[in-house]
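What follows is calculated from the coordinates using simple rules that are stated; it is not laboratory data. Given the structure is predicted, the values throughout are model-derived calculations rather than measurements. A quick note on method: Cβ atoms are made from the backbone with ideal geometry, for glycine too, and the neighbour counts reach across all protein chains shown.
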Amino acid sequence: MKLPGRAALGIAAAAVVALLVAAPFGLKPYGIYLLSLWTAMTIAAIGLNLTLGYAGQISLAQAAFVGIGAYTAALLTTQGWPLGTAFLVAPAMCFAVGWLLGYPALRVQHHYLAFVTLAFTTLVFLIFRNEEWLTKGVYGISGIPRPTLLGWSTKAPLDFYLFSLGVLALVTAGTWWLVRSPWGRAFMALRENPVRADSLGVDTRRYTLMAFAIGSALGGVAGVLYAPLVQFIEPTAFALALSLNLLLMVIVGGSGYFFGPFLGAAVSVLLPEWLRFTEGLYLILYAAAVMVLMTICPTGLLGLAERYLERAKTRAAAGPAPRDGATR
Amino acid sequence: MRTILEVRDLKKSFGGIHAVDGVSFEVREGEILGLIGPNGSGKSTLFNCILGQLAPSAGEVRVDGRPITGKRPCDLARLGIGRTFQLLQVFPQLSVRENLILAGQEHEGSMWSRLAGQRDAGLGPAAERMIEFFRLAGVAGEKAGALSYGQQKLLDAAMAFMAGPRLVLLDEPAGGVNPAMLADLRERLRELNRIQRATFVVIEHNMEFVMSLCTRILVLAQGRIIAEGAPEAVRNDPEVIEAYLGN
């Protein structure tokens, strides 16, 4: 029974990868830009999903880490450093800062923790805006170059998208491995019952800090990808609105589901664009769609899919329906 | 017999209420000690103070002669001290098997070795044995939250034994469990006591269960020990009868 299920999963995964590689062909540069934006936002949402969805620690700080990543990449690459340096430095910095930000989570939970992390996002935003000597303040940093890898220039939108897709693939593989390791199980224990986890020997303190640190580091990776994508960054891009948007991506896709962030980021980045034909109405329709989804299924799109599959399984286990159709 | 747990003059107050008021006792290796007393007599508070969930106001707890007061629950778990809680404490979204693996995975190696190691932390076979032992084979792949109350109670107990602890403190293991399953649970616990040489302290309101399982009983009332001895002696102690039934 297991093998066909695995084969189906493999085929589905291959089809999705093929679709993602083929997607930009025939699209205009703006369409390709949106796909690249989706990859960056997905990475940031994967990080938040790890902190919130798996380990159960609410965070409104993810925008700050995307910002730290983006500013690190912008500052380094405009000074002539390769983007690879930023891929090393930014996640390491975000990991360290995320670890420190985890300490309040050892004392407060839920909406109190949300406020602590919200304040952190505001603090980082103010640093981006006010420390002009470093960040150029509201004028932002422009002319951020796109990288060249072993002679392959990613200057063109299509090339940069394929590069971003590669980074997303690496992040996906790494996170998949992490959540399926004993660490992933410990993170979920933290979310479901920290007191019991503690009594079973799970060092809840270290795992909480680790969940924050790794989630934040992935925010940094997203930022490093975001800076050369937009090639111009300024502080408002990393304000609270982005944190809320990333939270929305995780919740809409399905918090605690591995593929939730992929779907959530697609909804958040692509759906508003698809609704543009309604002109002035598109954001209203988008907001209404999110409200309806959250009312019908608070566990997000993948939660909805799981509910449907479980019902189908229960029906199949109950046996075939009566032939005469009397029950219908 | 060697003393494994030693509690000396332990006190815990909440404002003006003395929940635990100078309790001293010893637990000897291999025994099954029952801890009984009316509601509000301080039994669970005593457990929580011993196991680091609450900081005691005064007194000392020693394991193997070494003080453990102030240690965190996760450190105590790694010292071989397990527990179950009065209310159900399983991880509802994890499968029965995953619950059991989680219960054992943090006891060996470092955090880093677990990241690089096997997905089941090498505990797959041990989890299967525990599933078999507690007769949970039919539901091993189900989410723990989907199990019946009695089955969750068995899982809860099984989790406390996954890491092969030397001392397990069980807080009302029989609460809400039907009589047939109860007899089974008693048998499982006796067997673990015999095979693993695990020592138990059991809080329980079900007198029949506790009297038939335990080798020694402590009676707590208003935060103090009022009687101690063999089940039969305690059952007939006038002070104990008074504490339960009043004058």
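Placing +1 at every Lys and Arg Cβ and -1 at every Asp and Glu Cβ, with all other atoms neutral, what dipole size does segment A:203-311 have around its Cα centre, in debye to the nearest 20? Kindly include the intermediate steps, with their values, before the conclusion.
Working: 5 positive and 6 negative charges, 48 e Å.
My answer is approximately 240 debye.
Hey, what angle do you get for helix B:179-195 against the long axis of chain B, alpha-carbon based, 0 to 90 degrees rounded to 10?
For helix B:179-195, the angle is close to 80 degrees.
For B:Gly34, list long-range residues whose amide hydrogen, built 1.01 Å from N in the peptide plane, is under 5 Å from its own amide hydrogen.
B:Val202, B:Thr215, B:Arg216, B:Ile217, B:Leu218
Of A:Met93, A:Gly53, A:Phe160, which is farthest towards the positive pole of chain A's charge dipole, taken about the Cα centre with +1 and -1 on the beta-carbons of Lys, Arg and Asp, Glu respectively?
In chain A, that residue is A:Gly53.
Counting only helical runs of four or more DSSP H residues, what would the 222 nm mean residue ellipticity of chain B come to if each run contributes -39,500 (n - 2.57) and the total is spread over all its residues? All intermediate terms of the calculation are to be shown ahead of the outcome.
Working: 10 runs with 90 residues, N = 247.
After summing the helix terms and dividing by residue count, I get -10500 deg cm²/dmol.
Pairing the Cα long axis of helix B:96-105 with the longest principal axis of chain B, what angle in degrees results, from 0 to 90 and rounded to the nearest 10?
Long axis of B:96-105 versus the principal axis of chain B: about 80 degrees.
In the Gaussian network model of chain B, springs joining C-alpha atoms below 10 Å, which of B:Gly59, B:Gly175, B:Gly117 carries the largest mean-square fluctuation?
B:Gly117
Return the long-range amide H neighbours of A:Leu60 (sequence gap of 5 or more, or a different chain), with a cut-off of under 5 Å between placed amide H atoms.
Close amide H contacts, sequence-distant or interchain: A:Thr117, A:Leu118.
So what J values fall out for segment A:16-29 if you push phi through Karplus, 6.51 cos²θ - 1.76 cosθ + 1.60 with θ = phi - 60°, rounded to Hz, Gly and Pro as x?
Per-residue couplings from phi come out as 5, 4, 4, 5, 5, 6, 7, 3, x, 5, x, 8, 6, x Hz.
Enter the mean number of other protein chain beta carbons within 10 Å of the beta carbon of each residue in A:176-189, as an integer. Can you show the working numbers first?
Values: counts 0, 3, 1, 0, 1, 8, 17, 5, 2, 12, 5, 0, 5, 9.
Mean partner shielding for this stretch: 5.
Is there a pair in B:Lys43/B:Lys153; B:Lys11/B:Lys153; B:Lys43/B:Lys71; B:Lys43/B:Lys143; B:Lys71/B:Lys153 whose C-alpha atoms are over 24 Å apart, and which pairs would that be? Could you put the intermediate results ahead of the total?
On the way: B:Lys43/B:Lys153 19 Å; B:Lys11/B:Lys153 30 Å; B:Lys43/B:Lys71 20 Å; B:Lys43/B:Lys143 31 Å; B:Lys71/B:Lys153 27 Å.
In this structure, B:Lys11/B:Lys153; B:Lys43/B:Lys143; B:Lys71/B:Lys153 lie more than 24 Å apart at Cα.
About the Cα centre of segment A:29-239, what is the dipole size in debye to 20, counting +1 per Lys and Arg Cβ and -1 per Asp and Glu Cβ, all else neutral?
On the way: 11 positive and 7 negative charges, 64 e Å.
Charge dipole of segment A:29-239: 300 debye, to the nearest 20.
For A:Lys136, list the lysines whose Cα falls under 28 Å from its own Cα; do not include residues on the same chain fewer than 8 positions away.
A:Lys155
What list of ³J(HN,Hα) couplings, whole Hz, do you get for segment A:204-215 from phi and the Karplus terms 6.51, -1.76, 1.60, once you set θ to phi - 60° and write x for glycine and proline?
Computed from phi, the couplings for segment A:204-215 are 4, 5, 5, 5, 5, 4, 5, 4, 5, 5, 5, x Hz.
Can you list residues whose amide H is under 5 Å from B:Asp21's amide H, if they're 5+ apart or on another chain and H is modeled 1.01 Å from N?
The list, which skips near neighbours in sequence, is B:Lys12, B:Arg224.
Choose one answer from B:Ser110, B:Ser44, B:Ser13: the residue with the largest mean-square fluctuation in a GNM of chain B with alpha-carbon springs under 10 Å.
Judging by the Gaussian network model, the answer is B:Ser110.
Please report the spacing between the Cα centers of segment B:55-99 and segment A:180-209 in Å, no decimals.
Taking the Cα centre of segment A:180-209 as reference, the centre of segment B:55-99 is 14 Å away.
Could you work out [θ]222 nm for chain A from helices alone, using -39500 (n - 2.57) per DSSP H run of at least four and dividing by all its residues? Round to the nearest 500 deg cm²/dmol.
Numbers: 14 runs with 236 residues, N = 328.
Helix contribution divided over all residues of chain A: -24000 deg cm²/dmol.
Would you tally the net charge around B:Leu115, using a Cβ to Cβ cut-off of less than 15 Å, leaving B:Leu115 out, and scoring K and R as +1, D and E as -1?
Numbers: positive: A:Arg180, A:Arg185, A:Arg206, B:Arg114, B:Arg119; negative: A:Asp203, B:Glu106, B:Glu108, B:Asp120.
Once positives and negatives cancel, what remains is +1.
Rounded to the nearest 10 degrees, what's the angle between the helix A:300-317 long axis and the longest principal axis of chain A, both from Cα atoms, 0 to 90?
20 degrees
Compute log10 of I(q)/I(0) for segment A:29-239 with the Debye formula, placing one identical point scatterer on every Cα and leaving out solvent, at q = 0.14, 0.16, 0.18 Å⁻¹, to two decimals.
Each listed q maps to, in turn, -0.80, -1.00, -1.19.
The protein assembly as shown: D in µm²/s via Stokes-Einstein (Kirkwood Rh, Cα pairs, 37 °C, 0.692 mPa s)?
123 µm²/s
What is the antiparallel percent of DSSP beta bridges lying wholly in chain B, to the nearest 5? Don't skip to the end; give the middle numbers.
On the way: 22 of 38 bridges.
In chain B, approximately 60 percent of DSSP beta bridges are antiparallel ones.
Work out the mean other chain Cβ neighbour count within 10 Å for the residues of A:277-286 and drop it here as an integer. Display every interim value, and only then the final one.
Working: counts 0, 0, 0, 0, 0, 0, 0, 0, 0, 0.
Partner Cβ neighbours, averaged per residue: 0.
For A:Lys313, give me every one of the aspartates and glutamates with a C-alpha distance below 13 angstrom, ignoring sequence neighbours fewer than eight places off in its own chain.
none
Could you tell me which residue out of B:Ile36, B:Pro179, A:Pro298 lies farthest along the dipole of the protein assembly as shown toward its positive end? Charges go on the beta carbon: Lys and Arg +1, Asp and Glu -1, centred on the Cα centre.
Highest projection toward the positive end goes to A:Pro298.
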